[in-house]
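One structure below.
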Amino acid sequence: MDWIAILILLVRCLVLALAATTLFAYFTLFERRLLARFQNRVGPNRAGYIPLPGGKKLFGGFLQPAADAVKLFFKEDVIPTLADRWVYLMAPGFAVVPALIIWVAIPLGNWPDGNGGNWLHYAPIDVGILYLLAVTSIGVYGIAIAGWASNNKYSMLGGIRASAQVISYELALGLSILGVVMQSGTLRTEGIVNAQAGMWNIVPQFMGFIIFLIASTAEVVRSPFDLVEAEQELVGGYNTEYGSMKFALFFMSEYIKLIAMNAIAVTLFLGGGNLPGIEQASAAVTASFGVTVGNAALGLMSLGAFLIKTTLLSFLSVWIRATVPRVRYDQLMNLGWVILLPLALLNVVITAVFGVVFPVGAVVPQIAMGVIGLIVIVLTTVLAAPKRTKRGVTLVRSQARN
Amino acid sequence: MELVIFVITAIVAIIGAVAMLVSRNAVHSALFLLLNFGAIAVLYLLLQAPFLFAVQLIVYAGAIIVLFLFVVMLLGAERDEEDANPIRWQAPVAITMAVLLVGEIIWVLVRQSQDSLARVGSSDSDFGSPAQIAQALFTTHLLPFEVASFVLLTALIGVVVLHQRQS
């Protein structure tokens, strides 16, 4: 590998990291505006706008993330006296690094570089799925050791809760991904995207998709599974003792992990950068402007399709956060171990049976699988829903005496 | 390039292992062990075995050390006890065994270096791929694989039994 190749690689990695942090910055704005809408408020709309003729303002609030960043930069940087200094300082880095490196194995689109490679897929390794799982599972260290190193009971409780929760939901997450892997017959992420050219995996793997959504929300400790930082119980959870940019790094890692999880869901279940018509359009461009422009057009269009799908899933995340109240700890463990894990196993069994009985790529069995998944999910929701006991207050209980 | 990465990773792995043994704090030990496991995962990558890299990270870094940390944090047992080691014969036996192991490694290196290391270096590109490992695991080594799963099942049942006895 000569130095030019290394330089190109470094620049690409830098671009990816900056893109991920920019996505994070604008996701916070997206979420705050949407949450405000869900709660019948206006949300941040002052910092920065494009004035239009007639006194109208376009993109109100688009500088809000920059304002937040500047504010956090100039906050006082405090290290608690009784904290374990080195571990305390290391923890935010431990949180951010997995959130950033997880992106290299996700194919963000299809921009052929002419040598059989893909500009939008950084690391086409043959165990891409396992890499994603590995990086997800080491993501908990940042939270766990931050909670321990702060030397604060609330932080500690947050850290302990985080490790228990992430270990529990990792199983359901991995098994729901296993269904997709069996469906596509490959562990390569780009292979899974290519296998969805005909039909997106959300149809045959509907049950897996639902399990993945729930488990990934729990895995990134986001509402309604955010017991790790339950404000009412733990002040701020694992990040209570962190301020300034160290807090911002935790915040950032949490959101980048969430977007990455949505991107993984798009890759596994929604066809990645596939969208009907993209191939034909880029072929038309290639015919009139040449291969390079055609490849660029294909790359940009597939990246656009990927980002639109990710944004839709992110909207769903915000919607869930605005709608569902936080679960109790026993409910969390029950959902993970008693409901999601058996369901994911059932999904693997169904996928295996259908994969053996029916030929690869047959449409009707795949739709049948989706319908079965839907029925199972609905049945589980009805049967496993918490029983609502009718609450009544008995003031005087009269007993018959004889 | 590969040699440079190998030397750096090997040094990191050794530092992690030694620091794990020396450190007086259980959480620090666990983190140094994590460093060591991470370095070993990179060594697997250098051996062209990405599957082993991913499994090393998922199983050891992602599950086992998290469990260590969880238990240590839950029990608050990170401080080292000051009193002397209760098992007196442990240290000399451990040192003897370590010396034996190092001697064995050196012997293998000196006697077999021409033969075995060359064979590892010339392994085919398919070495350690998921398909190959699955093939070996579910045909040649099926019995040990199933036995291992039974051992794990026994541990699982043990946990359930202990829990039932408590409550």
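The figures follow:
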quantity: A:Y122 assigned to a loop (DSSP other than H, G, I, E, B) and either within 7 Å of chain B (Cβ to nearest Cβ) or open to solvent by 10 Å² or more (accessible area, probe 1.4 Å) (or both); calculated: yes
quantity: Matching residues in segment A:279-296 - criterion: being out of contact with any Phe, Trp or Tyr (no Cβ under 8 Å at 6 or more places or on another chain) and either crowded, with 19+ Cβ neighbours inside 10 Å or within 30 Å of A:L72 (Cβ to Cβ) (or both); calculated: A:S282, A:G294
quantity: Selected residue (criterion: surrounded by the most Cβ atoms within 10 Å (Cβ to Cβ)) from residues of segment A:137-160 that are at the interface with chain B (Cβ under 8 Å from one of its Cβ atoms) and either in contact with a strand residue (DSSP E or B) (Cβ under 7 Å, 6 or more places away or on another chain) or under 20 Å from A:I211 (Cβ atoms) (or both); calculated: A:V140
quantity: Pairs with Cβ under 6 Å, 6+ apart, first in segment B:44-70 and more than 9 Å from chain A (Cβ to nearest Cβ) and more than 13 Å from A:V140 (Cβ to Cβ), second among the hydrophobic types (A, V, I, L, M, F, W, C) and open to solvent by 50 Å² or more (accessible area, probe 1.4 Å); calculated: B:Y44/B:L52; B:L46/B:F6
quantity: Only listed residue being surrounded by fewer than 16 Cβ atoms within 10 Å (Cβ to Cβ) and either out of contact with any Ser or Thr (no Cβ under 6 Å at 6 or more places or on another chain) or on the phi > 0 side of the Ramachandran plot (or both), chosen from A:V318, A:V364; calculated: A:V364
quantity: Selection within segment A:161-183 - surrounded by fewer than 20 Cβ atoms within 10 Å (Cβ to Cβ) and modelled with pLDDT under 85; calculated: A:I167
quantity: Filter result (in a helix (DSSP H, G or I) and without any contact (Cβ under 8 Å) to a residue 12 or more places away in the chain) within segment A:317-330; calculated: A:D330
quantity: Among residues of segment A:38-85, those that are basic (K, R) and outside any loop (DSSP other than H, G, I, E, B), counted; calculated: 3
quantity: Test: A:T240 is hydroxyl-bearing (S, T, Y) and within 19 Å of the chain's Cα centre (by Cα); calculated: no
quantity: Flag for B:W107 being more than 21 Å from the chain's Cα centre (by Cα), modelled with pLDDT of 85 or more and not assigned by TED's automatic domain parsing to the domain that holds B:L47; calculated: yes
quantity: Positions within segment B:1-43 being more than 14 Å from every other protein chain (Cβ to nearest Cβ) and either among the hydroxyl-bearing types (S, T, Y) or in contact (Cβ under 8 Å) with a residue 40 or more places away in the chain (or both), in sequence order; calculated: B:F6, B:T9
quantity: Residue that is free of Cβ contacts under 8 Å to residues at least 60 places away in the same chain and hydrophobic (A, V, I, L, M, F, W, C), where the choices are A:A218, A:A162, A:A195, A:A230; calculated: A:A195
quantity: All positions within segment A:348-366 that are in a helix (DSSP H, G or I) and more than 19 Å from A:L178 (Cα to Cα); calculated: A:V363, A:V364
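Residues checked against (1) more than 14 Å from chain B (Cβ to nearest Cβ); (2) under 17 Å from the mean Cα position of the chain (by Cα); (3) surrounded by 24 or more Cβ atoms within 10 Å (Cβ to Cβ):
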position: A:M90; (1), (2), (3): no, no, no
position: A:F94; (1), (2), (3): no, no, no
position: A:L100; (1), (2), (3): yes, yes, no
position: A:N110; (1), (2), (3): yes, no, yes
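The values are calculated or read from the model by the stated rules, or taken from the named source; none is laboratory data. These numbers were taken from a predicted model, which means no experiment stands behind them. Cβ: placed from backbone, ideal geometry, glycine included. Neighbour counts: every protein chain shown. Ligands, DNA and RNA are stripped out before the accessible areas are found, and what is left, the full protein with its side chains, is counted by its heavy atoms. Shrake-Rupley method; radii C 1.70, N 1.55, O 1.52, S 1.80 Å.
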